[in-house]
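To start, the structure itself, in structure tokens.
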Amino acid sequence: MRIFKPKGTSFWQYEFVLNGKRYHKSTKMTNEREALKIANAAFTALVKGEAGIGEPKPAPTLRAFREDFITAVQAEKQDKPKTVQFYTYSFDSLLKYEPLAEARLDRIDERLVQRFTVWALGRTCERDEERTCSVATVNRWRATLRKALRMARRWKVIQNLPEIPRLKGERERSFVFTETLRKKYDELAPEPLNSFVQFSCEIGICEGEIIELLKADVHITEKADDWGHYGYLQIRNGKTEFRKRSLPITPRAKEILTAWMAKSKSDLVFTREDGISAVSAFTLIQQQERMRSVLNLPWDACVHSARHTALTNLGLTGVDPFTLQRAAGHSSITTTRKYVHPTPPTMKDAFQKKVRNERRDRRAARKRVAKTATRPSIGQPLATDTVQ
């Protein structure tokens, strides 16, 4: 690098070559020492830029980051359109809070997230104008924001992440279908709701897996095996690799499958009245809402509760937790724990068993005491001995 003063001007200029490219510019300085400082600063800035350590670009706003985020999600979850739809809806819900939407990613901190949370919990849900957003809904939105910020840090758009923990206060479903209630559903529930509830109570798969179940994945046998099962059905798709599993077909499940496969004209097992198109999840939700009103059931009595019922009943048989996790198709045993609920009869049986055990222990203790009392001490003759 050199600095020089061309003829006819009083300003110093610098010239150097970096990576085969020539740089030549005036310093706009008449003092040689000051001109040298500017030339060195220009050279250093260019070297930093070439090495990727220059001044970072301003972080985009959350609204401007939407396209990159959705594109990345589509690339990661290209075989899961429902997951892409979920993240798209959740991200758009974040953008409805203007202070968050217009904030640069590196300016989103815990305070701004808390302000958004207060706003979100107080706003009215679009799908139901009579109730505000639940804690569970806001947690989904916060999780989407957390995923977006982690993605930005991975791309080196930002350096630090705010803490966005899970909010407490989510209502967890604990409802299970009893045998009595299942009989009422057989009498009162419309189709396809009744078949979905009964089938899920038997096999333990969710309504989405039932809707997508194909005839090719159902392997029914005429005779039952040693365990009373009529073949098996195979689940090929799911949220994770753990959802891919095989489940046995019970006698009740066989009746339901046989009836619906006879009516179906397509590759699907469960279809609408035309025998071709898939059953709508929205139809199941509407039918269950009416049944909840007719039978005066609690808020958590939904179609998915049938899956909870099957896993609860399976857990009551004494199966180990890891087998139960595999049958449920969960990636974490912590998730499986939420699907097993103690019912009033099982709680009563547990306490009765405790009382029976205590009585048995007391009887055994009394027998030991009585046996010790009748035993002769050392040196004393037994009752059957003859004293000379």
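Each value in this text was obtained by applying a stated rule to the coordinates, not by laboratory testing. As the structure is a prediction and not an experimental result, all values here were calculated from the model. So basically every Cβ, Gly included, is an ideal-geometry build from the backbone, and we count neighbours across all protein chains shown.
Ellipsoid fit via the Cα gyration tensor, the chain: semi-axes of 67, 36, 22 Å, each the root of five times an eigenvalue, largest first. Between the C-alpha center of the stretch 1-41 and that of the stretch 219-245 there is a gap of 78 Å.
Given their separation in residues at 0.36 nm each and the Cα-Cα distance between them, R153 and L167 gain 2.7 nm when the chain is fully extended. Over the stretch 66-154, the Kirkwood radius and the radius of gyration, each from Cα atoms, give a ratio Rg/Rh of 0.97.
Note on D274/A45: beta-carbon distance plugged into 1/(1 + (r/R0)^6) with R0 of 51 Å gives a FRET efficiency of 0.15. For the pair the stretch 68-92 / the stretch 292-306, the C-alpha centres are spaced 31 Å from each other. Each of R182, R366 was scored by other Cβ atoms within 10 Å of its Cβ. Arranged with the fewest first, they read R366, R182. Both radii come from the Cα set of the stretch 136-227: Rg as radius of gyration, Rh as Kirkwood radius; their ratio Rg/Rh reads 1.21.
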